[in-house]
Each structure stands twice: as C-alpha cells, then as structure tokens.
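The values are calculated or read from the model by the stated rules, or taken from the named source; none is laboratory data. What you are looking at is a predicted structure, and each value in this text was computed from that prediction instead of being measured. FYI the Cβ positions are ideal-geometry reconstructions off the backbone, even for glycines, and counts take in every protein chain you see. In case anyone asks, the SASA skips ligands and DNA or RNA and just uses the protein heavy atoms, side chains included. Shrake-Rupley method; radii C 1.70, N 1.55, O 1.52, S 1.80 Å.
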Amino acid sequence: MSSSADAAPMHLRATGQHQVAPEVMRPIMEVENVDVYYGDFRAVSEVNLDFGLNEITALIGPSGCGKSTILRSLNRMNDLIEGARVEGEIRFHGENIYGKDVDPIEVRRRIGMVFQKPNPFPKSIYDNIAYGPRVTGMKVQSMDDLVEDSLTRAALWDEVKDKLKQSALGLSGGQQQRLCIARAISVRPDVILMDEPCASLDPIATMRIEDLMQELREHYTIVIVTHNMQQAARVADRTAFFTAQPSEGNGDRTGLLVEYGTTAQIFEDPQDKRTEDYISGRFG
Amino acid sequence: MFAGRARPGEAVIKVVLRVAAAVAMVTTIGIVFALIVPAIGFFREVPIFDFLLGDRWAPRFADASFGVVPLVTATLWTTAIALLVSVPLGLGAALLLSEYATPGLRKTLKPILEILAGVPTVVYGFFALQFVQSTVFREWLRLDTGAFSVLAAGLVMGIMIIPTVASISEDAMSAVPMSLRQGSAALGANRMQTSLRVVFPAALSGIMAAIVLGISRAVGETMIVAIAAGSQARIVGGPLEQGQTMTGFIASAALGDSRVGSLEYNTLYAVGLLLFAITLTVNFISIRLVRRFRQAY
Ligand SMILES: Nc1ncnc2c1ncn2[C@@H]1O[C@H](COP(=O)(O)OP(=O)(O)O)[C@@H](O)[C@H]1O
Ligand SMILES: [Mg+2]
C-alpha cells in the first residue's frame, strides 16, 4: 500500500521511453455513447472513448467491469454472442461499424483480435498464417512472402522458419500467442485488439509480447485489455479505467468508464478517487 | 503420513469394469471361434480361391458352385448407395446442429433423428419394397425394374444410417473448442468457412469414426436387403437390378433346415467370416487414416 495518497507506487509510474503520447490525438476509432446489453442486462453503459492512431491504449479495471465486452464490440465479435446488443456509435475511420450497410466480416478483417488464451488452429504453422488471407480472398502476390512477413513482424520467424509445415500446437505458449499475433497481422488490419494476451504466459514470454507491441505500434493501433497494472504502465500510451457499479433501479452491476487519459496522467495524477484507489491497490 | 481412508467403493467399481471388459473380450473371441470352426470345414471342401474369385453362387444346386463374387457385388452396391445418402445428409445434419441451429431448430431436428433411429429395420424393409420400389420406382417413375432392386434397399438403408453418422459426427464437432471458432471469425471468416475449414478438420477423427460405423452398419444390415434387394445371387451390374447380398444369403439360408456340419450349413459361416473380415479391414484402414489426418486440439 502506498503511503502517499496522491501518487501511485513507484513501480506503477509510467516511465517507459515509448510513452510519448502526444497531447493531440489523431483518433482512428471513436466510441460514442455506447451501451452493451446481454439480453436485458446492461453490461456497460455510456462509454465515450477515442483510440489514437498508432497508439497503444490499455483498458484496465476490476474483473467484470466490461473491458472484454467493450473490446469485443470494437470489431463486432459481440455479434457471435446470442442476445448481445450494442447501442450507440462506434466509428472506424469515421464510419459507424454498426451502420446498416456495414459487413461485419470486413470490420473484423480491418480490426483484428488476439485472445486471452492462445488459440492456434490445429493446422501447420504456415496454414495458420495463410488461413486469414485465404478465407477473406485477399489478393496476394506470394503466400510464402506474406507468411514470412507476418511471422517476422510478430518476432517469430527465426524460431519457426525451419518447421513451417509442423503443427502449430507443438509451439510453446508464448510462441503460440505470437503466432496468433502473426495470424492477426496476416490480413493487414489497421487495429489489433488484445484481450489479456499475456494472462496465460510466463514473465519472459510476457516480456517478449510487450516488446513486440512496441514494435507493432509503428504500423498498427493497439487496444489491450489487461488486469495487470504494471503492464498497462509499461506499454500503453493512454489508459482507460473502468469500474462496475450498481445501477439505479435494479441491483445489476453495470460497467462504466471512470477516467481516461495519458498513461502518465492516470497513474501519477488520477483525477477520480476511484481511479486513485484502484491503482494504489486500495480497491475493494 | 498420507495414509487415507480406504475407499471400498472404488474397489467395487474396478471389479465391475474389469468384468465388463472381460465379457466383451470373451464374446468377441467366442464369435470368432464360432465363425472359424465351421468355416474351416467349408474350406476343406471348397478351395479358398474358388470361393473368393468364383462368379457363380449356387450352393444348393446339384452342380453346386461357391463363388462369392455375386453376393459381394450386391453388398457393394447397397453399401455404396447407402453411404451416398447417409454421409452427406448425416454430416449436413451434424453441421446444421452443431454450427447453425438455433435452439428451436435443434428441438425439431433432434427428435426427427431419434425417430429415424428407432424405426425397426423390418419396417424400413417393407417401406423400401412397397413404397420406394413398387410405388415410386415402378408406378410413378415407370422405371425398368423388377420387384426388387439394390437401389431401393440402398436408399432406405442410407436413411436408416443417417442418425448414426449425424450423432457421432455432431459430438465430434461440438467438442471443437469455441475459441477456434472465435479465432476464425476474428480473421474475417464467415460461418460456412469456419465450419468447413476449422471445425470440420478439427473434428475429422470423430467424423471418420462416424463414417466407418456407417459402413459397418451398411455392410452388416440384413433385414432391409433380405426384404427389398432380391434373392437371386447374380452379379449386380446396375442399381435397378435385384441382387442377394452376403447378409441376405445368410438370412435366407439360416431359415432353411440344413444339417449342422453339412456343407450347406458351413457355407453360412464362410460368408459370415468374410463379412467379419471386411468390417475389420474397414476399421483397420480407418484407424490408419485417422492417425494420418488427425488434427488434435
Ligand atoms: N456472453 C455473455 N453473456 C452474458 N453476460 C456476459 C457475457 N460476457 C460477459 N457478460 C457479463 O458482462 C459483464 C462484463 O463482463 P466482461 O466484459 O467479461 O468483463 P471484464 O472483461 O472486465 O472482466 C459481467 O457482468 C459479465 O458477467
Ligand atoms: Mg475479460
């Protein structure tokens, strides 16, 4: 527990050299007045949030506050959940991805996703990467080059270049997760969503993924959900803090966005008492 | 230090399981013996190559001949036709149930399959004979066919096997983790692509098992072919011809009054042994195939 009420513990301070979040953000995605329902249950309400181009944004907060829910609504993965409904607008390059004529499949191609537990297909390493381009009918000059490029960008090429035809399931957990990142990159998305991508990995594999995120940031916009505040402090340019509170009327706990700012500001100068309590470990 | 209470329940369970396994083993060995002993008697009198390669099956004639090829051709026709029906429809039903069906559709489709599985084969046999062959083929379609055909028997047998193929392959598809479907969807795959390119290959070993079981049931099915396929053992050249299958012959000969130990009696067992060998081979090959194409997850 921190002795000072104002500042986060030292190890949570955002000191990474990459975190030079510009004051002026160039938003690539804008979340406006978004409520997400599962059936009658409102899981999150009134979320307003912009994601900056080529920035890493972390979504943090206690479990059950709707981080994954918001993340899934960013590329319409909620469509796959029976009864899930999104209200409000989420714009990508200015276009509402929940608009009438929008093809959710195209949305998912432009906005990729990496999951909590590595989920490579039970296919060869090569076929895992080639899968996305094949199913989306992407025109590629050379699939071999695309596979190599994707694996290289995901910092996995050197480790797997001699065993592309072997099953992806033979890789270690950390390698599998980097394979999943390579797979997401293969369809040339603009945004990559990551839902606790290191939750099942050991510290060294976690570090490699964090380093990789810094490299990817040059070309992609990343939104990462993490329950690990040190991780948010290390990798993110901006951080959004969510919490869940009992809503008026019934006693359901609804998630809401408490505070959003540069990572440095959120960790060193939180404006909201709830944020401060959470990052200083005094939550709940 | 770790001494715990003895668990008498577990010992009982172990014994029960061992007994169950032993019963299965003993039965299998018993069947093989019961087949082999009379079959050896048969092959003392009929050279094995005359049996396997001969094209005239006339065990009860004065100039008896024991070429099994005619029976095999009838079995191949009915089995092939049954698989053409049951594999696509069974896999389609499984895909529908596991990947597409809303709870409402499941509630209708599942009972239909269960009803299909519960119909006695003798009912299927008469359905094939009276409705499919006589009414549909001869009256409505005016096809050039007699009272029996391997097509009518095979089609109806295919319908009978659909639930087997469907339920086993549906189990296999449902066992594929949701995370793989999500991973596929997140790459921009639609449902059909996810089903065919991710779920289907991942469930392949279960699907193969379903098909093999379908083949075994088709090869071994007796009542439908005994009623609707025909009773003359002639080489079958087309689907509208009649033909006696291996099981059809066994059923008809078993009803006769051949003396135990006679050549006619032993003939039954020679055909039975061949049937057994065919099923075993199919199983064996499929295990090999599954190993080769296996996609574990
Ligand atoms: N598929 C679902 N169906 C119904 N409720 C869900 C579903 N997924 C999440 N929820 C509910 O929505 C709320 C937010 O969950 P989630 O987004 O997973 O939170 P977090 O990722 O922050 O832990 C929780 O109350 C959870 O129970
Ligand atoms: Mg979550």
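When the stretch B:66-91 is filtered for residues that are loosely packed, with under 14 Cβ neighbours inside 10 Å and either farther than 30 Å from B:ALA166 by Cβ or not aliphatic (A, V, I, L, M) (or both), only B:PRO88 remains.
Table: residues versus (1) buried (at least 23 other Cβ atoms within 10 Å of the Cβ); (2) at pLDDT 95 or above; (3) within 16 Å of ligand 1 (Cβ to nearest atom).
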{"site": "A:ILE181", "(1), (2), (3)": "yes, yes, no"}
{"site": "A:ILE185", "(1), (2), (3)": "yes, yes, no"}
{"site": "A:LEU201", "(1), (2), (3)": "no, no, no"}
{"site": "A:GLU210", "(1), (2), (3)": "no, yes, no"}
{"site": "A:SER247", "(1), (2), (3)": "no, no, yes"}
{"site": "A:LEU257", "(1), (2), (3)": "no, yes, yes"}
{"site": "A:ASP277", "(1), (2), (3)": "no, no, no"}
{"site": "A:SER280", "(1), (2), (3)": "no, no, no"}
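Taken over the stretch A:54-91, the criterion of being assigned to a loop (DSSP other than H, G, I, E, B), touching a Gly at 6+ places or on another chain (Cβ under 8 Å) and within 11 Å of ligand 2 (Cβ to nearest atom) is satisfied by A:GLY61, A:PRO62, A:GLY64, A:CYS65, A:GLY66. Regarding B:PHE61, is this residue aromatic (Phe, Trp, Tyr) and either open to solvent by less than 80 Å² (accessible area, probe 1.4 Å) or touching a strand residue (DSSP E or B) at 6+ places or on another chain (Cβ under 8 Å) (or both)? Spelling it out, it is not the case that B:PHE61 is aromatic (Phe, Trp, Tyr) and either open to solvent by less than 80 Å² (accessible area, probe 1.4 Å) or touching a strand residue (DSSP E or B) at 6+ places or on another chain (Cβ under 8 Å) (or both).
Scanning the stretch B:45-76 for residues that are of a type in the set (A, V, I, L, M) and assigned to a helix (DSSP H, G or I) turns up B:ILE48, B:LEU52, B:LEU53, B:VAL69, B:LEU71, B:VAL72, B:ALA74, B:LEU76. All conditions but one from (1) of a type in the set (D, E, K, R); (2) assigned to a helix (DSSP H, G or I); (3) touching a residue at least 24 places away in the same chain (Cβ under 8 Å) apply to B:ASP144; the one that does not is (2). When the stretch B:160-172 is filtered for residues that are surrounded by fewer than 21 Cβ atoms within 10 Å (Cβ to Cβ) and either small (Gly, Ala, Ser) or at pLDDT 95 or above (or both), only B:SER167 remains.
The residues listed here are A:VAL102, A:VAL147, A:VAL140, A:VAL135; of these, the one that is at the interface with chain B (Cβ under 9 Å from one of its Cβ atoms) and either farther than 24 Å from A:ARG217 by Cβ or modelled with pLDDT of 95 or more (or both) is A:VAL135. When the stretch B:173-186 is limited to residues that are among the aliphatic types (A, V, I, L, M) and open to solvent by less than 20 Å² (accessible area, probe 1.4 Å), the one that is nearest to the other protein chains (Cβ to nearest Cβ) turns out to be B:ALA186. The lone criterion from (1) within 14 Å of chain B (Cβ to nearest Cβ); (2) open to solvent by 50 Å² or more (accessible area, probe 1.4 Å); (3) within 30 Å of A:GLN214 (Cα to Cα); (4) more than 16 Å from ligand 1 (Cβ to nearest atom) left unmet by A:GLU95 is number (1). Filtered by the rule that a residue be over 13 Å from A:ILE129 (Cα atoms) and among the basic types (Lys, Arg), the stretch A:141-187 gives a lone residue, A:LYS163. The residues of the stretch A:183-199 that are over 25 Å from A:MET229 (Cα atoms), of a type in the set (Val, Ile, Thr) and more than 8 Å from chain B (Cβ to nearest Cβ) amount to a single one, A:ILE185.
When the stretch A:60-83 is filtered for residues that are within 18 Å of A:ASP277 (Cβ to Cβ) and either hydrophobic (A, V, I, L, M, F, W, C) or without any contact (Cβ under 8 Å) to a residue 40 or more places away in the chain (or both), the ones remaining, listed by number, are A:ILE60, A:CYS65. Here B:GLN193 passes the criteria (1) within 14 Å of chain A (Cβ to nearest Cβ); (2) open to solvent by less than 20 Å² (accessible area, probe 1.4 Å); (3) modelled with pLDDT of 95 or more except the one numbered (2).
Candidates A:GLY112, A:GLY61, A:GLY83: the one that is surrounded by fewer than 19 Cβ atoms within 10 Å (Cβ to Cβ) and either within 14 Å of chain B (Cβ to nearest Cβ) or not basic (Lys, Arg) (or both) is A:GLY83.
Within the set B:THR222, B:THR247, the sole residue that is polar (S, T, N, Q), at pLDDT 90 or above and open to solvent by less than 40 Å² (accessible area, probe 1.4 Å) turns out to be B:THR247. Within the stretch A:159-172, the set of residues being in a helix (DSSP H, G or I), within 14 Å of chain B (Cβ to nearest Cβ) and open to solvent by less than 40 Å² (accessible area, probe 1.4 Å) comprises just one member, A:ALA168. Could you check the stretch A:181-233 and list, in sequence order, the residues that are among the hydroxyl-bearing types (Ser, Thr, Tyr) and free of Cβ contacts under 8 Å to residues at least 60 places away in the same chain? Hits for the stretch A:181-233 are A:SER186, A:THR206.
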